[in-house]
Amino acid sequence: MNVVVQVLNFISQEILNVPAYLIGIIAAIGLIALKRSAGQVISGGLKAAMGYLILGAGATVVTSALAPFGDLVLKSTGAHGVVPTNEVITAQASSQYGASSAYIIVLSFIVMLLLARFTPLKYIFLTGHHMVFMSTMLAVVLSVGFGTDHQLLIVIIGAILMGVIMVVMPAFAQPFMNRVTNSDKLSIGHFNSLGYIVSGAVGAAVGKKSKSTEDINFPKGLSFLRDSMVSTTLLMVVLYLVFSVWAAIVLPVETLFKIFPSNPDNYGSFFMAAFAQALQFGIGVSIILYGVRIILGELVPAFQGIANKVVPGAKPALDIPIVFPYGANASLIGFLGSFVGGLVALAIIAVWLGPVWGVALILPGMVPHFFDGGGAGVFGNATGGRVGAIVGSFINGLLITFLPAALMTVMGSFGLANSTFGDADFCWFGTITGNLAHLGPVGGAISLLIFAVVLFVAAWVWQVKVVNTGWTPGAKHAEFIEQVKAEEKAAKEAARAAKKAATAKA
């Protein structure tokens, strides 16, 4: 009997309690369900586990680069500087909340399949890394609210909440997605859906007679910003050097030269140390993204195969880059517009919200601004052309700066970290969830279940009354675009006819 207990204890503590091993086991089970060969099952399980470990290694690099940057901001401005980066905060929280997060992922996927199978919300969320981020965020805020002694309750409530949000947000965004793709075959499975919905709605309101961004010959010189590794590193270089100059002006020399681990003793080496730390940040994010890609390469096919068998006819909800081909110029304009919005929001926090209300200084995170802003640009352009892309992405930049500041208030000790979640849905959903969880294990659990039901019923009504009826936003803009195309076509035909007539006369 003791042997059995010891074996079960070993399995629970040394295997199932290690997130990397659990992720690998999940991938292997999914591949077995897809009837893959033994070699593919072993390879897939190992790759998924290794991807999670690589993610942790990258987090170590990023954390070491963010630490002196936080010191720079704090000592030079007196504010608490935070860079919203999902991969970083997830990796930082994985050591403490990784096991709860892994169980939430597994159970929430089952909840999502059941909801999709038996309700009108037939969406299968397949963006694996956002599932990891959402489960981690829920594990953190629920643990802070309920207390770490209620792990079973945390996992159950977290799985229900996550299963609901994975079918609800694609439903709310579906009419806008239909306008982007001009079909109803794809859904968006990315937890910045609030930003895309707002951008699409704003575009429809302000861009009724605005031409499409795709009619612009965008300068090729800015195309390098499409590489997230380059753009992330470039932004951190700029931010590091700007705050280094600021610190060099306002700080005493003895304080200044203690900021970086290398302890440079002159201004030249101080600035080069700042430059090197910015490069380290870019390297760390690249390692993390590589680890995430490995996890996705094994988890998504397994989940997708299972989902197709369980929920026939469901729409796949995919990652935001799926919309970039529908607006290449719009995605780049959206990235720049969102970044400008982030800077404006940063100034508002630094000048007003921070000093008056103690709001954390949220620095622009290049990864969320690139992907979220690019997606917002595409949605805004689809409903409101160039004006919609610019205004919609700018508002998205405001959202993903103000909302992360709100989320940090319910994240406990992680609210003091140098990073946080950067996408809108993590932030508004996490803020509400965290505040309700603070009502305690009983009151909080009941309140959260009511919140999940209300959200689900609203999405059900939206699906039946709006999505299923075929409504799509931006109808006036679509009519304007068709009119412009018709006029351009008529002009070309007239020019062709005139040229033909001139040739015949000659």
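The values are calculated or read from the model by the stated rules, or taken from the named source; none is laboratory data. None of these values were measured; they are calculated from a predicted model. Neighbour counts run over all protein chains shown; Cβ positions are idealised from the backbone, glycine included. To get the accessible areas, we keep the full protein, side chains included, count just its heavy atoms, and leave off ligands, DNA and RNA. Shrake-Rupley method; radii C 1.70, N 1.55, O 1.52, S 1.80 Å.
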Distant-in-sequence amide H partners of LEU361 (H built 1.01 Å from N, under 5 Å): HIS80, VAL82
Starting at the first residue of segment 24-29, write each ³J(HN,Hα) from the Karplus equation 6.51 cos²θ - 1.76 cosθ + 1.60 with θ = phi - 60°, in whole Hz, x for Gly and Pro. x, 5, 4, 4, 5, 4
Among LEU53, ALA494, VAL387 the positive-end extreme of the charge dipole of the chain (Cβ point charges): ALA494
Provide the packing ranking of 391-399, 281-289, i.e. peptides ordered by the mean count of other C-beta atoms within 10 Å per residue, highest first. 391-399, 281-289
Rough spin-label spacing in nm, given labels placed 7 Å along Cα→Cβ, for PHE10 and VAL344: 6.1 nm
Taking the C-alpha atoms of segment 14-170, how large are the radius of gyration and the largest Cα-Cα span, Dmax, in Å? 17.6, 58
What is the Cα coordinate range of segment 335-436 on the first, second and third principal axes, sorted by size from largest, in whole angstrom? 42, 28, 20
Per 0.36 nm of contour for each residue apart, how much would the distance between LEU449 and ARG293 grow if the chain were fully extended, relative to their Cα-Cα spacing? 52.9 nm
Given the peptides 234-244, 426-436, arrange them by the average over their residues of other C-beta atoms within 10 Å, most packed first. 426-436, 234-244
Whole-Hz Karplus couplings 3J(HN,Hα) for segment 271-280, θ = phi - 60° and coefficients 6.51, -1.76, 1.60, Gly and Pro as x, run 5, 5, 5, 4, 4, 5, 5, 5, 5, 4
Using each residue's phi in segment 188-195, evaluate 6.51 cos²θ - 1.76 cosθ + 1.60 at θ = phi - 60° and report the 3J(HN,Hα) Karplus result to the nearest Hz, with x for Gly and Pro. 9, x, 8, 7, 10, 4, 4, x
Which whole-number percent is the relative contact order of segment 3-481 (Cα, under 8 Å, 6+ apart)? 27 percent
Could I have the simple spin-label model distance between GLN96 and VAL457, label points 7 Å from Cα toward Cβ, reported in nm to one decimal? 3.6 nm
Farthest towards the positive end of the dipole of the chain, among ALA345, LEU72, THR472 and with Cβ unit charges of +1 on Lys and Arg and -1 on Asp and Glu, lies the Cα of THR472
With 0.36 nm assigned to each residue of separation and the Cα-Cα distance removed, ALA498 to LYS485 gains 2.7 nm
List the residues whose amide H sits under 5 Å from the amide H of PHE125, counting only those 5 or more places along or on another chain, with H placed 1.01 Å from N in the peptide plane. ALA317
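Rounded to the nearest 500, what is the 222 nm mean residue ellipticity of the chain from helices alone, with -39500 (n - 2.57) per DSSP H run of 4+ residues and division by all residues?
The helix-only estimate for the chain comes to -25500 deg cm²/dmol at 222 nm.
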Simple label model, 7 Å out from Cα along Cβ direction - VAL3 to TRP428, nm: 5.8 nm
Taking every Cα atom in segment 3-481, find the radius of gyration and the maximum pairwise distance Dmax, and write them in Å. 22.4, 75
What is the gain in length, in nm to one decimal, between ASN468 and TRP246 on full extension, counting 0.36 nm per residue of separation less the C-alpha to C-alpha distance? 74.4 nm
Net dipole in debye of segment 3-481 [+1 Lys, Arg Cβ; -1 Asp, Glu Cβ; about Cα centre; nearest 20]: 1200 debye
Sorting check: for 465-475, 108-118, 132-142, which peptide has the highest mean count of neighbouring beta carbons within 10 Å, and how do the rest follow? 132-142, 108-118, 465-475
Return one whole number: the accessible area per residue of the chain in Å², for a 1.4 Å probe. 42 Å²
Mean separation of Cα contacts under 8 Å (at least 6 apart) over the residue count of segment 314-434, i.e. the relative contact order in percent, is 28 percent
Express in whole angstrom the spacing between the alpha-carbon centres of segment 142-202 and segment 452-484. 17 Å
